[in-house]
Amino acid sequence: MSTINANNPYGDSHHHHILTVLVQNRPGVLARVASLFARRGYNIFSLAVAPTEDENYSRITIVVDISATPLEQIVKQLFKLIDVVRITELDPRKSVERELMVATVRADGDQRARVIEVAGIFEAKILAVGADVLTISLDGEPQKLDDFEELLRGYGIVESQRTGRVALPKLEREARKGATKGKAS
Amino acid sequence: MSKKEILTGAEALIRSLEMENVEIMFGLPGGCILPAYDPLLKSSIRHVLVRHEQGAGHMAQGYAHVTGRPGVAMVTSGPAATNMVTPLCDAFMDSIPMVCITGQVSTSAIGTDAFQECDTVGITRSVTKHNELVMRAEDIPLAIRQAFHIATTGRPGPVLVDLPKDVLQNTMEWHWPTDEDVLESLPGYRPITKGHPRMIKEAAKLLLASERPVLYLGGGVLKAHAAEAVRELAELLKTPVVTTLMARGAFPDDHELCYGMPGMHGTATAITAMQKADLLCALGARFDDRVTGKVASFAPDAKIIHVDIDPAEQGKVRKPDVPIVGDCRLVVEEIVKAVKELLAEGTTQVDITPWRSRVNGWKEQFPLTYEPSEPGARLKPQFCLEKLRDAAPKNTILVAGVGQHQMWSSLFWKFNEPYSWVNSGGLGTMGFSVPAAIGAKAARPDATVWAIDGDGCFQMTAQELVTASTEGIHVKIAILNNTYLGMVRQWQEMFYGERYSEVDLSGCPDFVKWAEAMGCVGIRVESPEEIDAAIEKANSINDRSVVVEFRVEEFEKVFPMVPAGASNDDVLLHPTQENRREFLK
């Protein structure tokens, strides 16, 4: 993991690039991607994987750390995997990104109301209520999750988990008809 | 064939291999692969029963090296599959087309730590171009077609197909996938073969405009069957050519433009020509560390044209000025066309005669050399190689193990034909030569196959000579026995103050008796007077394999040498040539 952006580990460091990798939905495909990264010494910052709208394909969204290896080499080596169908590098300015976080936060006494208030401002959901803790979920742009996590930290995060980001290219004109149809891009 | 035909998975496997025109396979049966060995009895495919699975893998490689066709190996699960890891990795490093079939425990037992179970696809993932665990009998034909397609197209490599026992036993309705089925099933696999026209024109311009060009040939020239096209290009421009360890034979050694092998133990001329070049045209070569030496000071003034079918090789080590992704033969043919067009349009080639006379000067000053042995002293290994070379029948294929003897073989032999040299380049697998020679001979029964081996290498895989004897695949093995792990000993002498640690193999067995015990003819050569008769005898025997043990000088070193991590400018010459070093400036 890059230490350059230590105060904001989930922030957009210029060492982080987003690759969306369309793969054939077959057993072991994630292991192939992971072992390629391990063998060639590439760093994965975060990774999310799920089937696409076409069940024959899965999409892997990888945030790669390119402080040690040029992105071009990573992309070319990835593309040598037979199961990899397409690789797109997403420019953060031209893509929509989402991530989900769940966090269990200390919320006893007076603090409970303040945590609920912060959650309200961020439009987060309260998933579970304990005697002195709350479990909260928030989805949104990674930067928004960073900000929320930073605020919660002040109250005491007991446990938290983020999914890693998923992303798709921004539509040129959002209202354009049928633009999202067709095989995954 | 409208009638439905029901086959077992095993029958479908063997028929699929027949459909792929497999004529020979190398293997050893065991529990999980047992079902596949039954239909093999009725098959047209010849099966060579090895004594160790690693041997099957290297035999398949030897076959592939000399034919360009995929070598096929079949073994069982667990330990057999793990024994196959070394040949797979070797084939992967040297881009050798190979299809390996492994047995696996039944689908219901996978993951239970069953007897002879191992995660074969997991273990071999990083040493294969692709691998696949087949879970249904009906998927076998497509898996086999895919395996051959992937192994032989793009950058060739090994593909493994893992077949659980019940998948081999279950029945399926026979069908043979079409080309379209294969392409459709591999939507992410479309190797680029045709070079970009603009880049090809750039390359042609650069070749004509350079004062000090060198064609740097790698194994890709042979994989792409590009030797003829490359020769046309070289002769058209009169460009000096160097052939890497994997490309020996891709351009004739006796050609006036050939300057031999570059790299750690290359000729001083080849190394220096690359260092001083203003253009390196790399054809199917990958800027391996054994060729470049210290990358930062490698060929500092050279622009780079890099032709390679693997896009990932472009810029992996050295940033090319003109990257061309494509099949080496197709691209070189196009470059030749583009050069001719430019010449026809009136572009003239820069006069490179001063460059060529400079390179020729190095060749004259720094020929390969060694000091002949003193009377009564042990033979020189280089002398043995010269003798073997000069007595070798036409169309001899040379195979080598790994170490000093491999470097001397590459340096002192004369390779004038493509596919006449088989060795383990990238992985450097000791023990490669005996089984690889058997595979080469199985593929080319018409050719004489000589394997040059070291005493260390031979002791790793010699048992495959039993396979050779029983299968009637007669090879000739020359052991250059210096009773040391010679290359390691050389490094300990040069870089570890002559502190020899665990390299003494003087407790070696009686190689002649061992050869005889394996059904071969064994010959020992200890003095120069014996050498001609021994080689003549070996060459005249065609009904048995022959092992000739040459007792050679223990302390002979391979020169030239670029020490690991050093710049190619600092190549160590043969001690008798060091006083002429200035000529290399």
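The values are calculated or read from the model by the stated rules, or taken from the named source; none is laboratory data. Fair warning: this is a prediction, and the values are worked out from it, not measured in the lab. Reconstructed Cβ throughout: ideal geometry from the backbone, glycine too, with neighbour counts over all protein chains shown.
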Just one of B:Lys414, B:Lys387, B:Lys394 is over 30 Å from B:Leu208 (Cβ atoms) and free of Cβ contacts under 8 Å to residues at least 12 places away in the same chain; which is it?
B:Lys394
Quick check: is even one residue across the range B:333-340 within 25 Å of the chain's Cα centre (by Cα) and closer than 22 Å to B:Thr193 by Cβ?
yes
Where in the range B:66-169 are the strands (runs of 3 or more DSSP E), entirely inside, with at least 3 residues that are away from chain A (no Cβ under 14 Å) and at pLDDT 95 or above?
B:71-75, B:98-104
Some residue of the range B:437-448 being outside the structural domain of B:Asp254 (by TED's automatic domain parsing), within 17 Å of B:Val548 (Cα to Cα), crowded, with 23+ Cβ neighbours inside 10 Å and in contact with a helix residue (DSSP H, G or I) (Cβ under 7 Å, 6 or more places away or on another chain)
yes
Just the residues that are over 26 Å from the mean Cα position of the chain (by Cα), in a loop (DSSP other than H, G, I, E, B) and buried (at least 23 other Cβ atoms within 10 Å of the Cβ), please, taken from the range B:200-247.
B:Ser210
Which residue out of B:Arg212, B:Arg198 is more than 14 Å from every other protein chain (Cβ to nearest Cβ) and in contact with a Phe, Trp or Tyr (Cβ under 8 Å, 6 or more places away or on another chain)?
B:Arg212
Could you check A:Lys76 against (1) in a strand (DSSP E or B); (2) within 14 Å of chain B (Cβ to nearest Cβ) and say which number it fails?
(1)
Which one is modelled with the lowest pLDDT, of the residues in the range A:43-73 that are touching a helix residue (DSSP H, G or I) at 6+ places or on another chain (Cβ under 8 Å) and part of a loop (DSSP other than H, G, I, E, B)?
A:Thr69
What do you reckon, is B:Pro187 in contact with a Ser or Thr (Cβ under 9 Å, 6 or more places away or on another chain) and surrounded by 16 or more Cβ atoms within 10 Å (Cβ to Cβ)?
no
State yes or no: is A:Val85 among the aliphatic types (A, V, I, L, M) and more than 23 Å from B:His130 (Cα to Cα)?
no
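Could you list, in sequence order, the residues of the range B:436-460 that are part of a strand (DSSP E or B) and not hydrophobic (A, V, I, L, M, F, W, C)?
B:Asp453, B:Gly454
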Counting only residues that are β-branched (Val, Ile, Thr) and closer than 24 Å to A:Lys170 by Cβ, which one in the range A:79-106 is farthest from the other protein chains (Cβ to nearest Cβ)?
A:Val96
Quick test of your reading of the structure: A:Glu89 fulfils all but one of (1) assigned to a strand (DSSP E or B); (2) in contact with an Asp or Glu (Cβ under 9 Å, 6 or more places away or on another chain). Name the failing condition by number.
(2)
If I filter the range B:480-495 for residues that are of a type in the set (Gly, Ala, Ser) and buried (at least 20 other Cβ atoms within 10 Å of the Cβ), do I get at least one hit?
yes
Go through (1) of a type in the set (A, V, I, L, M); (2) more than 21 Å from B:Asn170 (Cβ to Cβ); (3) surrounded by fewer than 24 Cβ atoms within 10 Å (Cβ to Cβ) and name the single condition B:Ile6 misses.
(2)
What is the one condition in (1) surrounded by fewer than 20 Cβ atoms within 10 Å (Cβ to Cβ); (2) under 30 Å from B:Gly361 (Cα atoms); (3) not β-branched (Val, Ile, Thr) that B:Asp543 does not satisfy?
(2)
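For the range B:248-349, give me every one of the strands (runs of 3 or more DSSP E) that falls completely inside it and has 3 or more residues that are crowded, with 24+ Cβ neighbours inside 10 Å.
By residue number, B:279-283, B:303-308.
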Go through the range B:284-322 and give me each residue that's farther than 19 Å from B:Ile335 by Cα, within 14 Å of chain A (Cβ to nearest Cβ) and either free of Cβ contacts under 8 Å to residues at least 12 places away in the same chain or touching a Phe, Trp or Tyr at 6+ places or on another chain (Cβ under 6 Å) (or both).
B:Ala312, B:Gly315, B:Val317, B:Arg318
Contact list please: Cβ distance under 8 Å, first residue in the range B:173-192 and within 14 Å of chain A (Cβ to nearest Cβ), second residue of a type in the set (Asp, Glu), pairs at least six apart or on different chains.
B:Gly188/A:Asp83
Within the set of pairs 6 or more residues apart or between chains, which connect a residue that is at positive phi inside the range B:72-90 to a residue that is outside any helix (DSSP H, G or I) with Cβ atoms less than 7 Å apart?
B:Gly78/B:Gln116; B:Gly78/B:Glu117; B:Gly78/B:Cys118
Take the range A:13-33 and flag every residue that is under 17 Å from B:Gly188 (Cβ atoms), among the hydrophobic types (A, V, I, L, M, F, W, C) and either more than 9 Å from chain B (Cβ to nearest Cβ) or assigned to a strand (DSSP E or B) (or both).
A:Leu19, A:Val21, A:Leu22, A:Val23, A:Val29, A:Leu30, A:Val33
Scan the range A:35-73 for residues that are closer than 25 Å to B:Thr128 by Cα, polar (S, T, N, Q) and within 14 Å of chain B (Cβ to nearest Cβ) and jot them down.
A:Ser35, A:Asn56, A:Ser58, A:Thr69, A:Gln73
